[in-house]
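Right, one structure below, let's go through it.
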Amino acid sequence: MYIHTVPTISDEAAGPSYSIVRLCDTLIQNGCNITLAALDGAPIFSQPTYLQTFPLGIGPRRIGRSPSMACWLRSQARSGNVQLIHNHSLWMMPNVYPGRVARQFDVPYLVSPRGTLSDWAMKSGSSVKALFWPLIQRPSLEAVSCWHATSVEEYKDIRRLGFRQPVAIIPNGVDVPDLLARGRSKFRTLLFLSRLHPKKGLDLLLPAWRTVQDRFRDWELVIVGPDRGGYLAKLQQLAKDLNVQRVQFAGPLYGINKWAAYRGADVFVLPTYSENFGMAVAEALAVGTPAIVSKGAPWEGLVNHEAGWWIDVGLEPLVECLKVALSLKPEQLDAMGQRGRNWMQESFGWTRIAAEMRSVYLWLANKGSQPAVVRCD
């Protein structure tokens, strides 16, 4: 049995809640026995049959202490049936227990930091991190047999922090939906779709839009995503202060409504400060929408595949890129989007991603040779 651990899984169908579940789904389809362990409490209306949830114990919710989860992991490892533990993310106790158990019972241990080791992430957040990292989180990572990075940039983050274990570089996968007719509205649409969080670069996007809005009166900016910590109110105030025009704060969209938003957009934009992958970029490309992405995310391939723009982080680069992108004719943008869709189909299909991950599992269990995706330098 392979055990996956993560703090929470929800029905948001984005980010780790999407990519971890889809990875588990596809591994199971390829014959793997998977159990996904997470804390309960998040809304899950279509709970996977392989999901095992555990209640929170006494202590700050932010830490996610769960003695029952720790006890279950120990009992499973003690049984001798656990071939490998694969932990996703860091900074909560469900990301600490696996390392302790792996070390105690000599179980191969794979960790996917999911962006939590980026320079931006290490410097941001609560003061609790300053104590949690050296006293609790980092010691549990001594048991890591191999890391999983979703990009070369995340591989560099792992090495920057001094970890010398092997690293498997495997991107997230993406489901490529059927190609349907693109919905068109009164205005051509520049779409931002992600959670509303300071690291996403919306404090750059709104001023950039203010700079170009009068030049491109046939365009509108649509901002889609769930609020995080009251950040929406700050963005709305910034928009008011800047006197931006033709901007919609559309709230979160899920399922078919999310995919409809991607299809209805002419250009997708993510001016993020830090991203280990950026699922929204892959999703936009999967439906044929070209993307503008900052170099805070690992999407250099946008340039190589002529599917969009990969720009420096900052206001001026974003403004200059918008001037170019919004000037293009619809057929030019459609051609870029089609190249992006082809790229997603060829390189980011879940069958391929799961096969590469399974090869890493077998190697760590001494049942296969070192896969080509693994770097030991």
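The single condition among (1) of a type outside the set (D, E, K, R); (2) farther than 14 Å from SER151 by Cβ; (3) touching an Asp or Glu at 6+ places or on another chain (Cβ under 9 Å) that PHE277 does not satisfy is (2).
Looking at the structure I just gave you, is LEU84 closer than 30 Å to VAL281 by Cα and at pLDDT 90 or above? No, not satisfied. How many residues does the range 234-270 hold that are basic (Lys, Arg) and more than 22 Å from PRO177 (Cβ to Cβ)? Of the residues in that region, 3 qualify. Please work out which residue is surrounded by the fewest Cβ atoms within 10 Å (Cβ to Cβ), limiting yourself to the range 234-274 and to residues that are within 17 Å of the chain's Cα centre (by Cα) and assigned to a strand (DSSP E or B). Of everything passing the filter in the range 234-274, LEU270 is surrounded by the fewest Cβ atoms within 10 Å (Cβ to Cβ). Considering only the range 277-292, I want to know if a residue exists there that is in contact with a Ser or Thr (Cβ under 8 Å, 6 or more places away or on another chain) and among the acidic types (Asp, Glu). No, the range 277-292 contains no residue that is in contact with a Ser or Thr (Cβ under 8 Å, 6 or more places away or on another chain) and among the acidic types (Asp, Glu). Of the candidates SER118, SER127, SER145, the single residue that is modelled with pLDDT of 95 or more, among the polar types (S, T, N, Q) and either assigned by TED's automatic domain parsing to the domain that holds PRO16 or out of contact with any Pro (no Cβ under 6 Å at 6 or more places or on another chain) (or both) is SER145.
In the condition set (1) at pLDDT 95 or above; (2) surrounded by 18 or more Cβ atoms within 10 Å (Cβ to Cβ), ILE28 is compliant with all but (2).
The residue that is surrounded by the most Cβ atoms within 10 Å (Cβ to Cβ), counting only those in the range 275-290 that are part of a loop (DSSP other than H, G, I, E, B) and out of contact with any helix residue (DSSP H, G or I) (no Cβ under 6 Å at 6 or more places or on another chain), is GLU275. Among the residues making up the range 55-75, those that are crowded, with 18+ Cβ neighbours inside 10 Å, out of contact with any strand residue (DSSP E or B) (no Cβ under 6 Å at 6 or more places or on another chain) and not in a loop (DSSP other than H, G, I, E, B) are ALA70, TRP72, LEU73. Inside the range 166-199, residues that are modelled with pLDDT of 85 or more, buried (at least 16 other Cβ atoms within 10 Å of the Cβ) and in contact with a Lys or Arg (Cβ under 9 Å, 6 or more places away or on another chain) make up a count of 15. Taken together, LEU191, LEU206, LEU202, LEU161 contain a single residue that is within 21 Å of the chain's Cα centre (by Cα) and over 30 Å from ILE63 (Cβ atoms), which is LEU191. With respect to the conditions (1) at pLDDT below 90; (2) over 18 Å from MET357 (Cα atoms); (3) among the small types (Gly, Ala, Ser), SER17 lacks only one, and its number is (2).
If you go through the range 212-233, how many residues are at negative phi and crowded, with 17+ Cβ neighbours inside 10 Å? Counting residues in the range 212-233 that are at negative phi and crowded, with 17+ Cβ neighbours inside 10 Å gives 11.
The residue that is farthest from the chain's Cα centre (by Cα), among those in the range 76-101 that are crowded, with 24+ Cβ neighbours inside 10 Å and more than 19 Å from LEU135 (Cβ to Cβ), is ILE85. In the range 356-377, the residue that is nearest to SER151 (Cα to Cα) out of those that are among the hydrophobic types (A, V, I, L, M, F, W, C) and not in a loop (DSSP other than H, G, I, E, B) is VAL374.
Restricting attention to the range 260-316, the residues being without any contact (Cβ under 8 Å) to a residue 12 or more places away in the chain and not charged (D, E, K, R) number 2.
Within the range 76-111, the set of residues being assigned to a helix (DSSP H, G or I), under 24 Å from PRO16 (Cα atoms) and hydrophobic (A, V, I, L, M, F, W, C) comprises MET93, VAL101, ALA102.
The values are calculated or read from the model by the stated rules, or taken from the named source; none is laboratory data. These numbers come from a predicted model, not from an experiment. Positions of Cβ are generated from backbone atoms using ideal geometry, with glycine treated the same way; all protein chains shown enter the neighbour counts.
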